[in-house]
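The values are calculated or read from the model by the stated rules, or taken from the named source; none is laboratory data. The shown structure was predicted, so the numbers you read here are calculated from the model rather than taken from an experiment. For neighbour counting, all protein chains shown are included, and Cβ atoms are generated from backbone atoms with ideal geometry for every residue, glycine included.
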Amino acid sequence: MFFFYLILIVVAVLVVWAAFVYNRLIVFVNRTKEAWSDIDVQLKRRYDLIPNLVQTVKGYATHERELFEKVTEARAKAIGAKSVKERSEAENALSSTLKSLFAVAENYPQLRAAENFLELQRELRDTEDKIQAARRFYNGNVRDLNIAIEVFPANIVASIFGFKKMDLFELEEEAAKKPVEVQF
């Protein structure tokens with residue numbers, strides 16, 4: 001009879017522990033989804049600003065048609081990206097084309113002085129800062145989730161219930177270090 005109660009207590013402790021681990025993993029997953037939503041909101045804001053920026057620059061730099069097409073194409077790819085990895089790659093390409101657009105704008109003093117351009121540039125800079133903050137928040141939550149999924153003995157509960165590691169939202173280091181190429 002004593003062994004029966006002992007086994008019952010051990011099973012009860014294991015069930016409570018598994019429930020605790022499961023609930024903790026659910027919290028991490030939901031925090032990560034919320035953090036991704038924050039990134040998504042800022043990226044959509046960025047996508048909405050880009051056509052206005054392109055139109056403003058077009059008014060001053062009409063012969064830069066190829067660059068405008070690249071920016072538009074990069075924006076479309078970023079909007080259409082599905083996975084975190086695809087979105088990371090598309091955002092890297094979009095950032096690169098935007099750098100080129102701003103580099104071209106440097107050659108047009110009237111454009112740099114235009115109020116509309118300056119306001120769009122400020123809004124885009126503010127949005128970029130918010131994207132970076134949201135990215136750091138998301139990556140922190142992904143890190144916590146991935147650690148919780150990998151550590152023993154929580155990894156047993158994670159594998160039983162099908163929890164999967166999530167990808168970080170990363171910028172390409174090489175793209176961030178390369179200078180902007182401008183062709184005329």
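Structural remarks
- Per the listing 118, 98, the residue uniquely closer than 24 Å to residue 72 by Cα and surrounded by fewer than 19 Cβ atoms within 10 Å (Cβ to Cβ) is 118.
- Being touching a residue at least 24 places away in the same chain (Cβ under 8 Å), closer than 30 Å to residue 157 by Cβ and in a helix (DSSP H, G or I) holds for only one residue in 17, 36, and it is 36.
- Of the residues in the stretch 7-14, none is exposed (fewer than 11 other Cβ atoms within 10 Å of the Cβ), part of a loop (DSSP other than H, G, I, E, B), out of contact with any Gly (no Cβ under 6 Å at 6 or more places or on another chain) and not β-branched (Val, Ile, Thr).
Let's see how each residue does on (1) of a type in the set (D, E, K, R); (2) modelled with pLDDT under 95; (3) surrounded by 13 or more Cβ atoms within 10 Å (Cβ to Cβ):
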site: 143; (1), (2), (3): yes, no, yes
site: 157; (1), (2), (3): no, yes, yes
site: 172; (1), (2), (3): yes, yes, yes
site: 178; (1), (2), (3): yes, yes, no
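- Residue check, residue 44 out of contact with any helix residue (DSSP H, G or I) (no Cβ under 8 Å at 6 or more places or on another chain) and surrounded by fewer than 13 Cβ atoms within 10 Å (Cβ to Cβ): yes
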